[in-house]
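The values are calculated or read from the model by the stated rules, or taken from the named source; none is laboratory data. Because the structure is predicted, anything quoted here is derived from the model rather than measured. Here the Cβ is made from the backbone with ideal geometry for all residues, glycine too, and neighbour counts use every protein chain on show.
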Ligand SMILES: Cc1cc2nc3c(=O)[nH]c(=O)nc-3n(C[C@H](O)[C@H](O)[C@H](O)COP(=O)(O)OP(=O)(O)OC[C@H]3O[C@@H](n4cnc5c(N)ncnc54)[C@H](O)[C@@H]3O)c2cc1C
C-alpha cells in the first residue's frame, strides 16, 4: 500500500506497518531510522519524515544504529561511513535543527526502544533489498507498539524498486523500458528541506566521534582506511561536479572511451563509494548528467545506463531473488551448465588464502587483487576478469561465489552492496547475461582470459601501476610507524 504525501510521489513510500490503535490527541514525534541513505541533501526519506512531522505539528529526529558487526565491514568501510556521519550530524543539527541520535548494537533493539522512549507515532526508514536489513525491519515491525506506523521510502533508486517492477527481471533488456517509462514521473528535482516547525524537546546525546572512530579503526585494522577518497556529502558533490576534478565538469568526455581501461581509473566517475553509503543521491547524479547531455550525449547515456539501469537491476535481483548470493539464485540454464562442468579438470586450484594473498601464477590477476587490497576500489573492468578467474581456479561455482563475495565485501570500499552480489553472480553464474559458446569449467558462462585483456589494454602497464600503489602504501605505512615511534619517545 502507498502512503500519500505532498512533495513525494505516492509510489516512493510503502507502509510496512499501520498503527492498529490511534494515539488520539497525543500524536508523538516522527523518527527517521537512517540506514542506507546517509545524507541530508536530496534524501526522499528525510524529506518525507520532515513533511509528516509538519503535517502532524510534531518534532522530527534522525536515528542511526551502528551494528557491532555488519557483513564483515572493516576499518576501511566503517571509517568512511562514520566520518561521513560525523559531518551529517553537524549539518543536520546546525543547519536544519534536526537532532541526530546514534545507537550501537542491534537495530531490532535500539530503534524500537528509542521509538518507545520518545513516544513516536511514525517511524520512517529508507530501503535496502539486503536480507539482513529486511529481517531487521520485520522484527522492528513486531516490536514497536500498536500506536506506531512504519513507512519505508525508497530513497536510493531513481525509480522506486517496487514501482519499476513487481517481479524478478531477467536482464537489463527487460527492466530498461520499465524504468525508462517511469523516469518522467520520478526523475524530478528535489524540494527544499523545510525547517521543523516544532522543536524536539530535550537535547540529543553527545557523540564522541573521535573515540568511536578510533575504536572501529582499531578493531577493523586488518583492512585499513584509504586516503584518496574523502568521505561525506560535500566531497561526493565535489567528485560529481567539482571544478578541479569533477566527473561531469572535467572527466565526462572520456567516459565512453576510457571506462574499460584499467590504466585510467579516473576514466570512471569514482562515485561508487558515495552511492554505496548514500552520501550522494543517484537521482542528483542523473539530474546533473542529463542537464549537460547535449555536450556529450554518448558519455551521458552510457553513465546513466550504469547509474540507473544496471544499479537498479541489481536491487531488483537482491529484492526478488532470496538466493541472491548463491548458486541457487542462478537461472536454470546456468546452474545446469555449471554443474555439467563442475568436475572438469582445473589447471590450477587455489585456496581462499592463496587468492587473498594474490599468490596465483597470473600476474594480471594478482595485480587486480592487490589493487583492491591497497586501493580499496578495483577497476570495473578488472572486477569481471577477477571473479571469472576465481571460477576457473576453485573447486566449483559455489566455492568461487563464496570466495569472490567474501573478498569483494572485505576489501572494496563500495562492497556489501547489491551491485557487488550481482557483479559476482554475473561473473560466476551468468545472472543477467546470456549463454555463450560452451567450454571447459565455464560451460556456457561468458569466459574472459589474459589474451583478451592484452588485446584491450596495456596489461604490463596496469601491473606496474598496481606495483607503484603497493610501494606508495608501504612508504606511507613506514612513515606513519616512524612518526608514532617518535611520539612515544618524546
Ligand atoms: C565481480 C564484480 C564485483 C562488483 N562489486 C561491486 C560492489 O561491491 N559495489 C559496487 O557498487 N559495484 C560493484 N560492481 C559493479 C561495478 O564494477 C562498480 O559499480 C564500478 O566499477 C564502480 O566504479 P565507478 O562508480 O567509478 O563506476 P562508473 O562506471 O562511473 O559507474 C557509476 C555508477 O553506476 C553503477 N554501476 C556501474 N557499473 C555497474 C554494474 N556493472 N552493475 C551495477 N551498477 C553499476 C554504480 O553505482 C557506479 O557507482 C562489481 C562488478 C563486478 C563484475
Within region 378-413, of all residues that are farther than 28 Å from residue 440 by Cβ and buried (at least 22 other Cβ atoms within 10 Å of the Cβ), the one nearest to the ligand (Cβ to nearest atom) is 412
Take region 172-196 and flag every residue that is part of a loop (DSSP other than H, G, I, E, B) and out of contact with any strand residue (DSSP E or B) (no Cβ under 6 Å at 6 or more places or on another chain). 187, 188, 189, 190, 191, 192, 193, 194, 195
Members of region 89-116 found to be outside any strand (DSSP E or B), in contact (Cβ under 8 Å) with a residue 40 or more places away in the chain and within 21 Å of residue 133 (Cα to Cα), listed by number: 105, 106, 107, 110, 111, 114, 115
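Let's see how each residue does on (1) more than 19 Å from the chain's Cα centre (by Cα); (2) crowded, with 21+ Cβ neighbours inside 10 Å:
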| residue | (1), (2) |
| --- | --- |
| 419 | no, yes |
| 425 | no, yes |
| 430 | yes, yes |
| 433 | yes, no |
| 438 | yes, no |
| 448 | yes, no |
| 452 | yes, no |
| 456 | yes, no |
Within region 26-34, is even one residue surrounded by fewer than 17 Cβ atoms within 10 Å (Cβ to Cβ), in the same structural domain as residue 135 (by TED's automatic domain parsing) and free of Cβ contacts under 8 Å to residues at least 40 places away in the same chain? no
Can you pull out every residue in region 117-148 that is closer than 19 Å to residue 27 by Cα, in contact with a strand residue (DSSP E or B) (Cβ under 8 Å, 6 or more places away or on another chain) and part of a helix (DSSP H, G or I)? 118, 141
Which of the residues spanning region 374-402 are closer than 15 Å to residue 422 by Cα and assigned to a loop (DSSP other than H, G, I, E, B)? none
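Listed here are the residues, each with its yes/no results for (1) loosely packed, with under 15 Cβ neighbours inside 10 Å; (2) in contact with a helix residue (DSSP H, G or I) (Cβ under 6 Å, 6 or more places away or on another chain); (3) under 29 Å from residue 83 (Cα atoms).
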| residue | (1), (2), (3) |
| --- | --- |
| 236 | no, yes, yes |
| 242 | no, no, yes |
| 248 | no, yes, yes |
| 256 | no, yes, no |
| 267 | no, yes, yes |
| 272 | no, no, yes |
| 294 | yes, no, no |
| 297 | yes, no, no |
Among the candidates 483, 468, single out the residue that is exposed (fewer than 12 other Cβ atoms within 10 Å of the Cβ), outside the structural domain of residue 280 (by TED's automatic domain parsing), in a helix (DSSP H, G or I) and modelled with pLDDT of 95 or more. 468
Test set (1) within 15 Å of the ligand (Cβ to nearest atom); (2) surrounded by fewer than 23 Cβ atoms within 10 Å (Cβ to Cβ); (3) more than 27 Å from residue 83 (Cβ to Cβ) - residue 347 fails condition number: (1)
Just to be sure, is residue 224 in contact with a strand residue (DSSP E or B) (Cβ under 6 Å, 6 or more places away or on another chain) and not assigned by TED's automatic domain parsing to the domain that holds residue 371? no
Mind counting the residues in region 363-377 that are within 13 Å of the ligand (Cβ to nearest atom) and closer than 15 Å to residue 352 by Cα? 2
Quick check, is residue 371 in a helix (DSSP H, G or I) and either farther than 22 Å from residue 350 by Cα or without any contact (Cβ under 8 Å) to a residue 60 or more places away in the chain (or both)? no
Looking at region 40-71 only, could you name the residues that are within 21 Å of residue 157 (Cα to Cα) and assigned to a strand (DSSP E or B)? 62, 64
Scan region 429-445 for residues that are under 15 Å from residue 330 (Cα atoms) and part of a loop (DSSP other than H, G, I, E, B) and jot them down. 430, 431, 432, 433, 434, 435, 442, 444, 445
Take residues that are in contact with a strand residue (DSSP E or B) (Cβ under 6 Å, 6 or more places away or on another chain) and within 21 Å of residue 448 (Cα to Cα) and tell me which of the helices (runs of 4 or more DSSP H) falling wholly in region 260-360 contain 2 or more. 332-340
